[in-house]
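S.K.: Take a look at this one; I'll ask things after.
The values are calculated or read from the model by the stated rules, or taken from the named source; none is laboratory data. Keep in mind the model is a prediction, meaning the values are calculated, not measured. Neighbour counts run over all protein chains shown; Cβ positions are idealised from the backbone, glycine included.
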Amino acid sequence: MMRSLYSGVSGLKVHQTKMDVIGNNIANVNTVGFKSSTVTFKDVFYQTTQSASGPNETTGTGGQNAKQIGLGVSLGSISKNITSEGGSQRTDNPFDMKLSGDGFFIVNKAGVNYFTRAGAFTTDAAGNLVNGDGYNVMGWQADKDGNVIKDTVSKLTIKTADKLQTKAAKTEKTSFTGNINASDSSFVADNNAANGYTGGITMSAQIYDSVGQQYLLTFNVLKTKTANEYTVTPTSLKSADGEDYSKALGIEKDADGNVTKEAAALTTLKFDADTGAVKEPTAPEKLTIKWKDTAISDLTEQTISFDLSGLTSVATETSTHSTSDGKAVGKMTGVGVQTDGRIIAAYSNGDNVCIGQIAVATFDNPAGLEAVGNTMYQTTMNSGTFDGIGEDVSAGGGSITTGVLEMSNVDLSTEFTEMITTQRGFQANSRIITVSDTMIEELTNLKR
């Protein structure tokens, strides 16, 4: 049989294979994170009818090249364009993520790790971060203080019970700022009063107990007979819903709500006559709230340090402000992912806590990864191994962008051009078979 007949057959086979790859590329033009493939051909075994010979000075003949007849074509390679990054598709979904750089997201199913560039993630009923097929997204956990522990990757949880809220903290420090004008109309001169004045101005601070309950603590600032001198006395302590806990300050009231015993003064506040700055006290004053004296049985005592050094007494309007530490129980209000993969949870009490970090995997030869469907890959002997720990995406200059997905890197113009050349190549090889068949037919007709 004619060798050209089999060469034509081999040409048909490889062009059909290339067309299969092109068809798969075009079919996945809108597949998130898809990486296109390219096909290369190579020639195959040659039949040598005459070997090459060198020049011969004795006989005076020159050298001759070898005479070889090729036996067709075979598939050289089918390689993924895995390092070519696809375009960006905006979704505004906070759990849709696009990787820049050479890394891969790590996902796990039934204890087996897979790798993908498709960052279309969501949360399941258990609060785990998963992809659309239910594979767990892997990364590093954070301790109670929000410090990431870069150990063996494990599944990342977002909305589990332990992360839906943060603990309360009691108030330990409060600072007052602002101005107290000695000529304020609230200070009413009264020669019959022990200190020479009645009335006074009010300063208040929002404080929290150890279980996160909020209270309004009020002080009365009363002018004394001595110039630039005032007494600061607690007068009221009420919860956010208006319940009176003033008894915890040592205040006693009768059945009609009239004060029968006042609280002890916090301090005597003295200002410098020249500068208007606080001269005394020189250190923060402490106030102990005796919760055990109220109806609250699960609280004992709470000591708060009050810093008054930020006050002034100059000839401008009276206005005071307070800043306190402490916080209520925080409820999760949102979750975001930073460019380095850190997952930050925001809470209603102002806390922003790192609850984990998305890790990525890189490989010595990413083109050696084996596609297993669902836009995922697994390692092979030629890709390099995964160490089980992963890397910080920013370590290699990469980043994570949220609200965006990586689109397919299929270039339709290239694919259609390849389709045309593949079709023509297939047609040409079919002609080889047709012509070879005609020649064989002529040969068999010689007998007639």
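S.K.: From the residues in region 199-218 that are among the hydroxyl-bearing types (Ser, Thr, Tyr) and outside any loop (DSSP other than H, G, I, E, B), which one is nearest to residue 304 (Cα to Cα)?
M.R.: 208
S.K.: Sticking with this one: Scan (1) closer than 27 Å to residue 189 by Cβ; (2) of a type outside the set (A, V, I, L, M, F, W, C); (3) touching a Phe, Trp or Tyr at 6+ places or on another chain (Cβ under 7 Å) for the single condition residue 284 breaks and write down its number.
M.R.: The single condition residue 284 does not satisfy is (1).
S.K.: Answer yes or no as to whether residue 106 is in a strand (DSSP E or B) and in contact with a Gly (Cβ under 7 Å, 6 or more places away or on another chain).
M.R.: Here the answer is yes, as residue 106 does meet what is asked.
S.K.: Given (1) crowded, with 20+ Cβ neighbours inside 10 Å; (2) among the small types (Gly, Ala, Ser); (3) modelled with pLDDT under 90, where does residue 103 come up short, assuming only one miss?
M.R.: Result: residue 103 passes all but (3).
S.K.: Those residues that are surrounded by 14 or more Cβ atoms within 10 Å (Cβ to Cβ) and either at pLDDT 90 or above or touching a Ser or Thr at 6+ places or on another chain (Cβ under 8 Å) (or both), I need them from region 179-195; list them, please.
M.R.: 179, 180, 181, 182, 184, 186, 187, 195
S.K.: What's the total number of residues in region 361-377 that are surrounded by 20 or more Cβ atoms within 10 Å (Cβ to Cβ) and part of a loop (DSSP other than H, G, I, E, B)?
M.R.: Residues meeting the conditions: 3.
S.K.: Residue 294: without any contact (Cβ under 8 Å) to a residue 24 or more places away in the chain and β-branched (Val, Ile, Thr), yes or no?
M.R.: When the stated conditions are applied, residue 294 does not pass them.
S.K.: While we're looking at this one, here's another question. Let me confirm something: among 42, 67, which residue is farther than 24 Å from residue 367 by Cα and of a type in the set (Lys, Arg)?
M.R.: From the options 42, 67, the qualifying one is 67.
S.K.: For region 288-307, give me the residue count where each residue is outside any strand (DSSP E or B), surrounded by 12 or more Cβ atoms within 10 Å (Cβ to Cβ) and among the acidic types (Asp, Glu).
M.R.: Result for region 288-307: 1.
S.K.: Mind telling me which of the residues 394, 348, 383 ends up being small (Gly, Ala, Ser), touching a helix residue (DSSP H, G or I) at 6+ places or on another chain (Cβ under 6 Å) and at negative phi?
M.R.: 383
S.K.: Across region 46-87, which residue is nearest to the chain's Cα centre (by Cα) among those that are over 23 Å from residue 24 (Cβ atoms) and touching a residue at least 24 places away in the same chain (Cβ under 8 Å)?
M.R.: Residue satisfying both the conditions and the ranking: 72.
S.K.: When both residues are 6+ apart or on different chains and their Cβ atoms are under 7 Å apart, which pairs have a first residue that lies in region 125-142 and is farther than 18 Å from residue 33 by Cα, and a second that is part of a strand (DSSP E or B) and among the acidic types (Asp, Glu)?
M.R.: Pairs found: 140/151.
S.K.: Hey, could you check region 202-223 for residues that are hydroxyl-bearing (Ser, Thr, Tyr) and modelled with pLDDT of 95 or more and say which is nearest to the chain's Cα centre (by Cα)?
M.R.: 208
S.K.: Which is surrounded by fewer than 21 Cβ atoms within 10 Å (Cβ to Cβ) and at pLDDT 95 or above, of 319, 313?
M.R.: Answer to the check: 319.
S.K.: In addition: Which of the residues that make up region 396-430 are of a type in the set (A, V, I, L, M) and out of contact with any strand residue (DSSP E or B) (no Cβ under 9 Å at 6 or more places or on another chain)?
M.R.: Scanning region 396-430 gives 410, 412, 419, 420, 428.
S.K.: Now a separate question. For region 169-178, does any single residue satisfy the condition of being under 22 Å from residue 268 (Cα atoms), polar (S, T, N, Q), in contact (Cβ under 8 Å) with a residue 24 or more places away in the chain and buried (at least 16 other Cβ atoms within 10 Å of the Cβ)?
M.R.: yes
S.K.: Okay, moving on. I'd like the full set of residues that are within 41 Å of the chain's Cα centre (by Cα) and not polar (S, T, N, Q), limited to region 309-321.
M.R.: Listed by number, the residues that qualify are 310, 321.
S.K.: Restricting attention to region 219-266, which residues are in a loop (DSSP other than H, G, I, E, B) and among the polar types (S, T, N, Q)?
M.R.: 224, 226, 228, 258 - these are the residues of region 219-266 that are in a loop (DSSP other than H, G, I, E, B) and among the polar types (S, T, N, Q).
S.K.: Sticking with this structure for a sec: Restricting to region 368-392, name every residue that is among the β-branched types (Val, Ile, Thr) and either without any contact (Cβ under 8 Å) to a residue 24 or more places away in the chain or closer than 25 Å to residue 28 by Cβ (or both).
M.R.: Passing the criteria: 372, 375, 379, 380, 385.
Listed here are the residues, each with its yes/no results for (1) closer than 26 Å to residue 248 by Cα; (2) in a loop (DSSP other than H, G, I, E, B); (3) not basic (Lys, Arg).
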residue	(1), (2), (3)
279	no, no, no
286	yes, no, no
309	yes, no, yes
322	yes, no, yes
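S.K.: Continuing with the same structure: Would you be able to tell me the number of residues in region 181-198 that are within 60 Å of the chain's Cα centre (by Cα), in a loop (DSSP other than H, G, I, E, B) and in contact (Cβ under 8 Å) with a residue 24 or more places away in the chain?
M.R.: Total meeting the criteria: 5.
S.K.: Could you please find all residues in region 143-166 being surrounded by 20 or more Cβ atoms within 10 Å (Cβ to Cβ) and either in a loop (DSSP other than H, G, I, E, B) or aliphatic (A, V, I, L, M) (or both)?
M.R.: 148, 153, 156, 158
S.K.: While we're on this one: Restricting attention to region 324-360, which residues are outside any strand (DSSP E or B), under 25 Å from residue 103 (Cα atoms) and in contact with an Asp or Glu (Cβ under 9 Å, 6 or more places away or on another chain)?
M.R.: Of everything in region 324-360, those that are outside any strand (DSSP E or B), under 25 Å from residue 103 (Cα atoms) and in contact with an Asp or Glu (Cβ under 9 Å, 6 or more places away or on another chain) turn out to be 340, 341, 359.
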